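K.L.:
Questions regarding the structure given below will be posed in turn.
The values are calculated or read from the model by the stated rules, or taken from the named source; none is laboratory data. Just so it is clear, the structure is predicted and the values come from calculations on it, not from any experiment. Using ideal geometry, Cβ is built from the backbone for each residue, glycine included, and neighbour counts are taken over all protein chains shown.
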Amino acid sequence: MSLHLQSSPHFELLRNYLRAAGYNEESLCDRLEIRDMCELAAHTGRPATPAMGSDELGLLIRLLLLGDDIDRQQLESALSPRVVEAFTSLGLASLDPATEGRLFCPVAVYPIGPLFIVSDRWFPVVGKEFQWSDDFVYPAITPNTREFLAALPVTPCDSFLELCAGTGAAAMAASGYAQKSWAIDITERSTQMAEFNRLLNGLDNVTVLKGDLYEGVEGTQFDRIVAHPPYMPSLRATRVFADGGADGEQITRGIVTALPRFLKPGGTFYCLAQASDRQGAPLQQRLRGWLGEEQGDFDVAFIEMCQQDPKDAAFVYALKTGGGFAVVDLMRDSFASLGVESLPYGWIVIQRRNSPRSVFTTRRSAGPRIGREEIAWLLKWETFAAGPSALEDLQEKAPVVRPALEFHALHRMREGKLAPEQFSLHTEAPFFGDCKVQFWVGFLLPLCDGKSTVRQLWEACKTNNLIHAATPLHEFARLIGVLISGGFLEVAAFYPPLPPQKPEGQRRISASLEIGHPAGAGR
């Protein structure tokens, strides 16, 4: 790789040229006949694309994205000699030794929002040797990477740090709302590409460093730290961008363990990764343990998006490594020795408190949509609920039933008649949740119309003998808090994002979440 890594006027020239030429996501998706750029990275073979033609945009797509070699004179005629010279000077166009007078781009260049990102190309190009190198720079338009970028908050902050940065796409995007942004990766190749991306986008408030996790920023604390680390379980190190050690957690654990040294009070850590539930130790509790002696200063949330059985993970590893059934057995034995029961994948969100209050540990199961709004709501509500006066403040709020709430009553035959036996609430937004409740909650819910405060609801429930007259107000308020936390009720200042429209016949894909039995309110 011979990308130019020093400041040059050619960077500004190309940046302005690509914008003017319409080299953006909307235009590329329209020309490629795809709905989203992620479709290009959904497979490792060369994408099947319509003919790009020889106009300006078509030639840019063929050169920068698809990897075609193109006659230099044709490029100079369509793009101008000055632009082609900028491409060659920066290393984005090289002479193809196999075909005289033709240029090719050794990397992939594509737009992400207002940014232009360079990464390794993830599919073979006709006539070119292709292999996945150990230090392969992962593209920023894969579905999981785009999911990672799309869910990060965009609220202003002073200092932003991206670890395991790869292309540095998150740090580059953060430059628009962070005073200062850092991108750190352990490989030289990723660091070079991230620095090239910084120069290409003209971002003076971004610093790119080569280092092992926090190496290079010792003594600095950050408002926001993000990571999309390698998390695939591996019995031996092969690919830096994918392998996370025997349990897949090696890198994630190293990042979380050091948060007490690098995350500011009031700061938040966001990580999209796979980790493990173990015998007697669910992931959210293990995350708290990784924080060590200072864990009492941190809130921990895990939002599960899917889950993998260790047996399935062993087969996947064997297929990827070509190791056969012997490797399957080795991986299964490794998981068993570690006590791994399941491998959940999702968002790890850790927040450092900046005022005296209790801290929370919570786990949710993602609904049909999980993004920055859902995560922000969860943190806001749970932070309020952990406050010293939360129950007192809640007593004066007026809850209302969420539109997507379902109340389920299970009936069983008893002495020849159907008798109600079990009651539960169900919702899929903002998170998937099932909550077992007592029968009287079915009478409470219609009273939650946004006009009556929790205190007034408590009085009404006592008057109508729905709860025992001696039920304390704070216990009743605690129950309402549980129902708000689960997304079954809502109150002003803590309205969750609206649920997405659910297509007819859509199947549930999220695992059930047991919020817990609301003990202490009904008698």
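K.L.:
Can you tell me which residue within segment 349-371, out of those that are in a loop (DSSP other than H, G, I, E, B) and under 21 Å from the mean Cα position of the chain (by Cα), is nearest to residue 156 (Cα to Cα)?
P.N.:
Start the filter on segment 349-371 by keeping residues that are in a loop (DSSP other than H, G, I, E, B), which leaves 353-360, 367-371.
Still in the running and under 21 Å from the mean Cα position of the chain (by Cα): 360, 367-371.
Details: 360: 24, 367: 27, 368: 28, 369: 24, 370: 21, 371: 18 Å.
Checking each candidate, the answer is 371.
K.L.:
All but one of (1) modelled with pLDDT under 95; (2) in contact with a Pro (Cβ under 8 Å, 6 or more places away or on another chain); (3) of a type in the set (Gly, Ala, Ser) hold for residue 416; which doesn't?
P.N.:
Against the list (1) modelled with pLDDT under 95; (2) in contact with a Pro (Cβ under 8 Å, 6 or more places away or on another chain); (3) of a type in the set (Gly, Ala, Ser), residue 416 comes up short only on (2).
K.L.:
Testing residue 237 on (1) at pLDDT below 95; (2) buried (at least 24 other Cβ atoms within 10 Å of the Cβ), one condition comes back false. Which one is that?
P.N.:
Of the numbered conditions (1) at pLDDT below 95; (2) buried (at least 24 other Cβ atoms within 10 Å of the Cβ), the odd one out for residue 237 is (2).
Residue by residue, here is whether (1) farther than 15 Å from residue 149 by Cα; (2) buried (at least 21 other Cβ atoms within 10 Å of the Cβ); (3) at pLDDT 95 or above holds:
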residue: 187; (1), (2), (3): yes, no, no
residue: 193; (1), (2), (3): yes, yes, yes
residue: 196; (1), (2), (3): yes, yes, yes
residue: 202; (1), (2), (3): yes, no, yes
residue: 225; (1), (2), (3): no, yes, yes
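K.L.:
Another question, if that's okay. Any residue at all in segment 419-429 that's touching a residue at least 60 places away in the same chain (Cβ under 8 Å), touching a helix residue (DSSP H, G or I) at 6+ places or on another chain (Cβ under 9 Å) and either under 30 Å from residue 285 (Cα atoms) or not assigned by TED's automatic domain parsing to the domain that holds residue 283 (or both)? Lay out the reasoning, then the answer.
P.N.:
So in segment 419-429, the residues touching a residue at least 60 places away in the same chain (Cβ under 8 Å) come out as 425, 427-429.
The next check asks that each one be touching a helix residue (DSSP H, G or I) at 6+ places or on another chain (Cβ under 9 Å); those that pass are 425, 429.
Next, only the ones that are either under 30 Å from residue 285 (Cα atoms) or not assigned by TED's automatic domain parsing to the domain that holds residue 283 (or both) stay: 425, 429.
Scanning segment 419-429 turns up at least one residue that is touching a residue at least 60 places away in the same chain (Cβ under 8 Å), touching a helix residue (DSSP H, G or I) at 6+ places or on another chain (Cβ under 9 Å) and either under 30 Å from residue 285 (Cα atoms) or not assigned by TED's automatic domain parsing to the domain that holds residue 283 (or both).
K.L.:
Could I ask something else about it? Just for segment 13-40: of the residues that are touching a residue at least 24 places away in the same chain (Cβ under 8 Å), within 12 Å of residue 116 (Cβ to Cβ) and among the charged types (D, E, K, R), which one is surrounded by the fewest Cβ atoms within 10 Å (Cβ to Cβ)?
P.N.:
25
K.L.:
Mind checking which residues of segment 444-477 are over 14 Å from residue 398 (Cα atoms) and in contact (Cβ under 8 Å) with a residue 60 or more places away in the chain?
P.N.:
Those that are over 14 Å from residue 398 (Cα atoms) and in contact (Cβ under 8 Å) with a residue 60 or more places away in the chain: 473, 474.
K.L.:
Can you tell me which of 307, 295 is within 21 Å of residue 364 (Cβ to Cβ), in the same structural domain as residue 357 (by TED's automatic domain parsing) and assigned to a helix (DSSP H, G or I)?
P.N.:
Only one candidate passes the filter, namely 295.
K.L.:
Report the residue count in segment 163-179 for those that are within 17 Å of residue 204 (Cβ to Cβ) and in contact with a helix residue (DSSP H, G or I) (Cβ under 7 Å, 6 or more places away or on another chain).
P.N.:
The qualifying residues number 3.
K.L.:
Sticking with this one: Among the residues of segment 339-356, what is the count of those that are out of contact with any helix residue (DSSP H, G or I) (no Cβ under 8 Å at 6 or more places or on another chain) and buried (at least 16 other Cβ atoms within 10 Å of the Cβ)? Let's see the steps before the verdict.
P.N.:
Quick first cut of segment 339-356, residues out of contact with any helix residue (DSSP H, G or I) (no Cβ under 8 Å at 6 or more places or on another chain) only: 339, 345-346, 354-356.
When the remaining residues are screened for being buried (at least 16 other Cβ atoms within 10 Å of the Cβ), the result is 345-346.
Selection size over segment 339-356: 2.
K.L.:
Given the conditions (1) over 23 Å from residue 102 (Cα atoms); (2) of a type outside the set (D, E, K, R); (3) touching a residue at least 24 places away in the same chain (Cβ under 8 Å), report the number of the one that residue 9 does not fulfil.
P.N.:
Against the list (1) over 23 Å from residue 102 (Cα atoms); (2) of a type outside the set (D, E, K, R); (3) touching a residue at least 24 places away in the same chain (Cβ under 8 Å), residue 9 comes up short only on (3).
K.L.:
Pick out the one residue from 374, 406, 341, 392 that is among the acidic types (Asp, Glu), modelled with pLDDT of 95 or more and within 20 Å of the chain's Cα centre (by Cα).
P.N.:
374
K.L.:
Could you list all residues from segment 396-418 that are surrounded by 18 or more Cβ atoms within 10 Å (Cβ to Cβ) and in contact with a helix residue (DSSP H, G or I) (Cβ under 7 Å, 6 or more places away or on another chain)?
P.N.:
Of everything in segment 396-418, those that are surrounded by 18 or more Cβ atoms within 10 Å (Cβ to Cβ) and in contact with a helix residue (DSSP H, G or I) (Cβ under 7 Å, 6 or more places away or on another chain) turn out to be 397, 399, 401.
K.L.:
Moving on. Sort out which residues of segment 139-184 are part of a loop (DSSP other than H, G, I, E, B) and closer than 21 Å to residue 376 by Cβ, and write them in order of number.
P.N.:
Within segment 139-184, 152, 153, 154, 155, 156, 175, 176, 177 meet the criteria.
K.L.:
Ok, one more. Go over the candidates 206, 154 one by one and state the one that is without any contact (Cβ under 8 Å) to a residue 40 or more places away in the chain and under 15 Å from residue 112 (Cβ atoms).
P.N.:
206
K.L.:
Further question on the same structure: Taking the conditions exactly as written (within 30 Å of residue 206 (Cβ to Cβ) and surrounded by 15 or more Cβ atoms within 10 Å (Cβ to Cβ)), does residue 91 satisfy them or not?
P.N.:
Spelling it out, residue 91 is indeed within 30 Å of residue 206 (Cβ to Cβ) and surrounded by 15 or more Cβ atoms within 10 Å (Cβ to Cβ).
K.L.:
Within the group 363, 332, which residue is at pLDDT 95 or above and not small (Gly, Ala, Ser)?
P.N.:
363
K.L.:
Here is a follow-up. For the structure I just gave you, tell me whether residue 140 is in contact (Cβ under 8 Å) with a residue 12 or more places away in the chain, within 28 Å of residue 266 (Cα to Cα), buried (at least 17 other Cβ atoms within 10 Å of the Cβ) and not hydroxyl-bearing (Ser, Thr, Tyr).
P.N.:
Criteria not met by residue 140.
K.L.:
Any residue in segment 360-386 that's assigned by TED's automatic domain parsing to the domain that holds residue 348 and under 12 Å from residue 497 (Cα atoms): show its pairings with residues that are surrounded by fewer than 18 Cβ atoms within 10 Å (Cβ to Cβ) and among the β-branched types (Val, Ile, Thr) at Cβ separation under 8 Å, as long as the two are six or more apart or on different chains.
P.N.:
Correct list of pairs: 372/154.
K.L.:
Report yes if residue 82 is within 29 Å of the chain's Cα centre (by Cα), surrounded by fewer than 18 Cβ atoms within 10 Å (Cβ to Cβ) and assigned by TED's automatic domain parsing to the domain that holds residue 107, otherwise no.
P.N.:
When the stated conditions are applied, residue 82 does not pass them.
K.L.:
Can you name every residue in segment 48-88 that is in contact (Cβ under 8 Å) with a residue 60 or more places away in the chain and either of a type in the set (Gly, Ala, Ser) or in contact with a Phe, Trp or Tyr (Cβ under 7 Å, 6 or more places away or on another chain) (or both)?
P.N.:
Residues satisfying the conditions are 67, 83, 86.
K.L.:
Being of a type in the set (Ser, Thr, Tyr) and farther than 20 Å from residue 402 by Cα is the filter; apply it to segment 426-480 and report the residue that is surrounded by the most Cβ atoms within 10 Å (Cβ to Cβ). Full working, then the answer.
P.N.:
Start the filter on segment 426-480 by keeping residues that are of a type in the set (Ser, Thr, Tyr), which leaves 427, 452-453, 463, 471.
Then drop every residue that is not farther than 20 Å from residue 402 by Cα, which leaves 463, 471.
Details: 463: 10, 471: 18.
Looking at residues that are of a type in the set (Ser, Thr, Tyr) and farther than 20 Å from residue 402 by Cα, I get 471.
K.L.:
Every residue in segment 412-425 that is assigned to a strand (DSSP E or B) and over 40 Å from the mean Cα position of the chain (by Cα), please.
P.N.:
In the first step, residues of segment 412-425 are kept if they are assigned to a strand (DSSP E or B); the result is 412-414, 417-425.
412, 413, 414, 417, 418, 419, 420 - these are the residues of segment 412-425 that are assigned to a strand (DSSP E or B) and over 40 Å from the mean Cα position of the chain (by Cα).
K.L.:
Still on this structure: Given the residues 51, 98, 42, which is the only one that is outside the structural domain of residue 198 (by TED's automatic domain parsing), within 22 Å of residue 21 (Cβ to Cβ) and aliphatic (A, V, I, L, M)?
P.N.:
Numbers: 98 fails: within 22 Å of residue 21 (Cβ to Cβ); 42 fails: within 22 Å of residue 21 (Cβ to Cβ).
Matching residue, one of 51, 98, 42: 51.
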